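Step one of this worksheet: look at the structure below.
The values are calculated or read from the model by the stated rules, or taken from the named source; none is laboratory data. Since the model is a prediction, treat every value here as computed from it, not as a measurement. All Cβ positions, even for glycine, are placed from backbone atoms using ideal geometry, and neighbour counts span all protein chains on display.
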Amino acid sequence: MPVAWPLAGELMTARPVTLPHDAPISRALGLMRSRGIHEIPILQGRRILGMITFETIARRSSRSSGTKVGHLLVVPPLVTPATTLPQVAADLLGTGLRAAPVVGRRGELQGVISRTDLVRALPTLAGMGHVRVDQIGRSASVFVREADTVRHLLGHIRLLEEQALPVVDKRGRLVGAVSLEDLGSVLWRPTVGGKLDVPTPGSALDVEVQSLMRAPAVTIAAGADALEAARVMAREKVSSLIVIDGGRPTRIVAQADLLTLVVGALAPPRARSGVEDVYVEVTGLRGSSDPALLADIDHLVAGSLKRIAHHVRPILLSLHLSPHATHRTSDLTVEARLHTDAGIFYASHTGWNLMAGISGLMDELTTQVGRSQSARRTKGRRRARSVDDDESVDAELEAKIRTATADDE
């Protein structure tokens with residue numbers, strides 16, 4: 001039975017917080033902090049110009065707090081009240097935004113819909129299936145220590161935009177979690193006081209993580225399913241959970257990971273050899289990366305997806321890059337998750353050569369898909385052979401019964 005997807009008009013927050021284009025970013029940050037939001041629509045009169053996001057401001061921490069929000073705008077996807085949940089999820093994941101404005105026929109602002117709104121709706125949907133959080137979460141290979149400073153956190157700004165990072169003590173035990181919101185609470189404070197203010201020594205960049213982290217961290221067991229993760233996120237009002245296995249943090253599941261489970265519903269029926277509509281998500285690339293790198297990744301992935309499409313229909317491919325937190329090596333871990341009409345496949349690779357790692361990952365996924373389909377075909381042949389054997393046994397038994405009946409007569 002197909003899922004009856006809710007619409008943006010049913011899930012959105014009506015009468016959202018807005019700002020004029022000439023408002024300072026300090027005002028935007030104040031509203032984000034007090035309202036617990038990440039994006040604010042920016043208007044010129046009644047016309048939407050774009051959105052100001054928490055992440056955009058975080059990347060420009062050196063700017064004056066008096067900078068106008070109109071200078072930092074991002075263009076959001078077009079969402080109408082009739083847009084379905086999977087389409088909104090695809091739009092938010094594709095643009096990297098946590099929320100988008102919902103507009104009417106004349107372009108008027110009717111509300112804002114966020115990842116939180118979508119995740120909150122997931123447990124109410126039938127037919128979502130049961131996928132474990134340790135299957136869709138990302139490796140918790142990057143963590144911070146209690147004594148690390150805000151300056152250290154800025155080196156992980158790309159990761160913080162997607163998820164909270166685990167905080168561990170000297171023994172490696174989980175003691176809390178730190179998010180982008182926590183970073184913002186100390187990064188944008190008045191630096192110039194009045195005549196009676198006592199000068200504060202040091203810098204906000206020297207503040208230790210243990211003074212701003214959330215403790216205890218919000219966690220979930222490795223065996224829990226994705227819908228339970230959605231319930232915990234909604235209840236605790238967080239955007240990511242730390243997956244615990246044997247008392248240790250192993251993976252992190254974020255709102256984006258849950259939303260990838262519904263994006264596949266958008267895939268239209270098509271020939272198995274077609275891969276033009278496969279949704280590909282690449283996260284973890286630094287903002288300063290060479291644009292040619294992403295083009296090379298896309299070219300490499302496209303070739304592998306064509307080979308995979310000979311066996312199954314690929315729907316969504318997620319690649320996550322996690323640089324190792326050490327100065328001694330340039331190694332990084334690449335994790336891949338491939339959603340197909342025959343199930344979900346996983347692979348990971350660690351090494352210094354990114355392109356070789358992704359190539360190996362795609363080869364591994366291709367091999368897994370081939371083995372899976374071969375096993376299915378073998379199982380199907382065995383089942384068919386078993387049915388034929390049963391039918392022949394039944395035919396022989398029936399013949400014997402008829403012979404015995406004839407002899408009795």
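Residues in the range 322-348 that are out of contact with any Gly (no Cβ under 9 Å at 6 or more places or on another chain) and modelled with pLDDT under 80: HIS324, THR326, HIS327, ARG328, THR329, SER330, ALA342, GLY343. The one condition from (1) loosely packed, with under 15 Cβ neighbours inside 10 Å; (2) at pLDDT 85 or above; (3) touching a strand residue (DSSP E or B) at 6+ places or on another chain (Cβ under 9 Å) that TRP352 does not meet is (2).
Quickly run through the range 29-56 and pick out the residues that are over 20 Å from VAL102 (Cβ atoms) and touching a residue at least 40 places away in the same chain (Cβ under 8 Å).
As a first pass, look at the range 29-56 and keep what is over 20 Å from VAL102 (Cβ atoms): 29-30, 33-34, 55-56.
Hits for the range 29-56 are LEU29, ARG33, GLU55.
Candidates in the range 219-246 are the residues that are without any contact (Cβ under 8 Å) to a residue 60 or more places away in the chain and farther than 21 Å from HIS130 by Cα; of these, the one that is surrounded by the most Cβ atoms within 10 Å (Cβ to Cβ) is GLU236. Scoring TYR279 on the criteria (1) among the hydroxyl-bearing types (Ser, Thr, Tyr); (2) modelled with pLDDT under 90; (3) not assigned by TED's automatic domain parsing to the domain that holds ARG337 leaves a single failure, condition (3). Checked against the criterion of being in a helix (DSSP H, G or I) and touching a residue at least 60 places away in the same chain (Cβ under 8 Å), the range 59-68 contains one or more residues that satisfy it. Sub-9 Å Cβ pairs linking a first residue in the range 4-22 that is assigned to a loop (DSSP other than H, G, I, E, B) to a second residue that is loosely packed, with under 15 Cβ neighbours inside 10 Å and of a type in the set (A, V, I, L, M, F, W, C), at least 6 apart or interchain, are ALA4/ALA126, ordered by first then second residue. Taken as a whole, the structure places SER34 among residues that are surrounded by fewer than 22 Cβ atoms within 10 Å (Cβ to Cβ) and either over 27 Å from TRP5 (Cβ atoms) or at pLDDT 85 or above (or both).
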